[in-house]
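The values are calculated or read from the model by the stated rules, or taken from the named source; none is laboratory data. If you're wondering where the values come from, they're calculated on a predicted model, not measured in any experiment. Note: ideal-geometry Cβ built from the backbone for every residue, glycine included; neighbour counts use all protein chains shown.
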Amino acid sequence: MTRFLAWFALIFGCLYFLLPLVGMAEFSLKMRRGEYSFDAYARVFEDPTFWATFSYSLAMAGATIVVGIFLVVPTAYWVRLKLPQARPFVEFVTLLPLVIPAIVLVFGYIRLYNTSSWLPLTGSALGTDFLLTMGYTTLALPYMYRSVDTGLRTIDVATLTEAAQSLGAGWITILGRIILPNVMVAVLSGAFLTLAIVVGEFTMAALLNRPAFGPYMQILGANRAYEPPALAVIAFAITWGCMGLMQLVTRFSKHERAKA
Amino acid sequence: MSFLTISHLEKAFGSNRVVKDFELDVAKGEFISLLGPSGCGKTTVLRMVAGFERPTAGSIVIDGQEVTGLKANARNIGMMFQAYALFPNLTVADNVAFGLKVKGVAKPERDTRVAEMLALIGLAEKGGSYPFQLSGGQQQRVALARALAPSPRVLLLDEPLSALDAKVRVSLRNEIREIQQRLGITTIFVTHDQEEAMSISDRIVVMNAGIADQVGTPFEIYNRPTTRFVANFVGTLNTFAVKVEDAASGLVRLGGAALTLPAGLATGTEMHIALRPEALRLGREPGYDTVVPGTVEEVHFMGSIIRLRARVAGEVVVLDTFNRADQPPPSPGSEVEISLSGKDAIVLQG
């Protein structure tokens, strides 16, 4: 009986998750009357705005990942090595973006950095891109921090640091040549999650008026019938592709196998 | 001439003083072991020499250079850790080359040195392997090669054999000693294993509650302990409470039998003496002036040695006797005679 219930729950869960996706994917293929086709996808890929917004979001994701790595890896490392007592506090701070809505953050940014403020970042495209990158970094912080922290947990940070120090290494060498390569898989996991978040993000990009992929999807969704589900399928494919890459990186990272 | 001088070294964590007025002079090329129970401060002393802990007071001088305030990466000290601490992302060769790379040694010279080090530890063919592909013993040998590659002034070994199985431990400790002697590198070895310390050290520092209780050669530490702690910690001891009956002859009584200790003890002095298990002989033995009766309580067969626990004068004593195929050991409950000599007795002080 228990076995039956377990199977029932699994099948119900799968159907609950997959049916809407299947329905959406099927609808996206119905652009041509009476037959399935990839017309909606072709239309999306032919649209130069798609490529422009998608490229912009990818570039922003890249910048966010770089900022995230520079912010999170040294922080998580230092907390683990020297300030373990500060860990609950740091964890709480990194969780805040999950409970503070993006709209609150972005309104805060606009109030602090508008054109009449002491640091008018929204006055230029570059300044706004910088602001958006910082906003994205904040949004991705819970995922990036947890990934890196989990990665650091798998290695003996203190002893590896001392071993490197005894061999003459300074902090930058230790971080760059010992710690970062050993948590690279965790960093990449965080990076792919960041990519997935940034590519689909709407609120910040829309309110800061930047040509990102999220607002493009929203505009398309408001004006077309078949292209939005095609875009949604593409967005899902990107997210799943990122998750697949995370798995691949973990599997093919030679020294990581030692931890398994 | 001392190569490494540790003077009045102190370390306190809050109100807890873990190292107290520690003094040590180490000659160049000497192999020193810091031996003591857990929490006695031996690892803290080593970490202060390495630069991982800042002393509360005192100084450390290496080859005439005061290093007390120097950062760990500026001391040119090699270190081996209990947990191997090989860099998992680097191959064996890259691990060994790490210190040389940090120092800015040119690649051809670096490659030569790495090959030399790998040959030294007998792992020349493992240069391309990753640490996880090696056994514990092999990993620790790589850790030794890595520590030695940049030619450090001092080699520090923080219980490097603790994580290994018994057989590998013995072979690796001999290997470490051999390499240390070949290179003539000044070495400090931290261990809580007295057999390990005895077998490879030039001198041993027995530590107790943050202080160096006794510094001496393994022979001195074992045979002439100067404090009760050292006597009890190193090896097995049989202790007896005795009273000096005659100062001139050093006469004391043990289980009704007379035992002659070295002269110089005041008549009426009550004290403890100790005898090692191997100083007690089963049966009457020529040259042993005292014979006491005893009852065997336990017999432990340990291969080449048989360890007996017997009751003598109300005390349980341990004695070791060599295993001989033609002479079976006494069975528990049997009455035996035990010979002993006053010249083997250790008078316990402190």
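At least 3 residues being more than 30 Å from A:Val183 (Cα to Cα) is the threshold, and among the helices (runs of 4 or more DSSP H) wholly inside the range A:16-108 those reaching it are A:39-46, A:48-81.
Restricting the range A:230-252 to residues that are touching a Leu at 6+ places or on another chain (Cβ under 9 Å) and not hydrophobic (A, V, I, L, M, F, W, C), which is modelled with the highest pLDDT? Here the answer is A:Thr239.
Of the residues that sit in the range B:146-160 and are buried (at least 24 other Cβ atoms within 10 Å of the Cβ) and more than 11 Å from every other protein chain (Cβ to nearest Cβ), which one is modelled with the lowest pLDDT? Once the filter is applied, the top-ranked residue is B:Pro160.
Would you confirm whether or not the range A:96-108 contains a residue that is under 25 Å from A:Thr194 (Cα atoms), among the small types (Gly, Ala, Ser) and without any contact (Cβ under 8 Å) to a residue 12 or more places away in the chain? Yes, the range A:96-108 contains a residue that is under 25 Å from A:Thr194 (Cα atoms), among the small types (Gly, Ala, Ser) and without any contact (Cβ under 8 Å) to a residue 12 or more places away in the chain.
Among residues that are under 16 Å from A:Leu167 (Cα atoms), without any contact (Cβ under 8 Å) to a residue 40 or more places away in the chain and of a type in the set (S, T, N, Q), B:Asn95 is not included.
Just one of the numbered conditions (1) charged (D, E, K, R); (2) surrounded by 20 or more Cβ atoms within 10 Å (Cβ to Cβ); (3) within 22 Å of B:Ala147 (Cβ to Cβ) is not true of A:Arg177: (2). For the range B:293-350, residues that are over 28 Å from B:Ile221 (Cα atoms), aliphatic (A, V, I, L, M) and surrounded by fewer than 13 Cβ atoms within 10 Å (Cβ to Cβ) total 1.
Can you tell me which residues in the range B:199-223 are out of contact with any strand residue (DSSP E or B) (no Cβ under 7 Å at 6 or more places or on another chain) and within 20 Å of B:Arg276 (Cα to Cα)? Across the range B:199-223, the qualifying residues are B:Ser199, B:Phe219, B:Glu220, B:Tyr222, B:Asn223.
Taken over the range A:113-137, the criterion of being in contact (Cβ under 8 Å) with a residue 24 or more places away in the chain and over 23 Å from the mean Cα position of the chain (by Cα) is satisfied by A:Thr122 alone.
Inspection of the range B:268-290 identifies at least one residue that is in a strand (DSSP E or B) and loosely packed, with under 14 Cβ neighbours inside 10 Å. Of all residues in the range B:128-144, those satisfying the criterion of being surrounded by 18 or more Cβ atoms within 10 Å (Cβ to Cβ), assigned to a helix (DSSP H, G or I) and either within 14 Å of chain A (Cβ to nearest Cβ) or of a type in the set (S, T, N, Q) (or both) are B:Pro131, B:Gln138, B:Gln139, B:Gln140, B:Val142, B:Ala143, B:Leu144.
Comparison of B:Thr227, B:Thr236, B:Thr217 shows that the only residue that is surrounded by fewer than 17 Cβ atoms within 10 Å (Cβ to Cβ), under 13 Å from B:Leu348 (Cβ atoms) and of a type outside the set (D, E, K, R) is B:Thr227.
Could you go through the range B:179-198 and let me know if any residue there is closer than 21 Å to B:Arg276 by Cα, small (Gly, Ala, Ser), crowded, with 19+ Cβ neighbours inside 10 Å and in contact with a strand residue (DSSP E or B) (Cβ under 7 Å, 6 or more places away or on another chain). Taking every residue of the range B:179-198 in turn, at least one turns out to be closer than 21 Å to B:Arg276 by Cα, small (Gly, Ala, Ser), crowded, with 19+ Cβ neighbours inside 10 Å and in contact with a strand residue (DSSP E or B) (Cβ under 7 Å, 6 or more places away or on another chain).
Does any residue of the range B:111-127 turn out to be more than 30 Å from the chain's Cα centre (by Cα), part of a helix (DSSP H, G or I) and within 14 Å of chain A (Cβ to nearest Cβ)? Yes. Could you grab me the full set of residues in the range A:167-201 that are among the polar types (S, T, N, Q) and modelled with pLDDT of 90 or more? Residues satisfying the conditions are A:Thr173, A:Asn182, A:Thr194.
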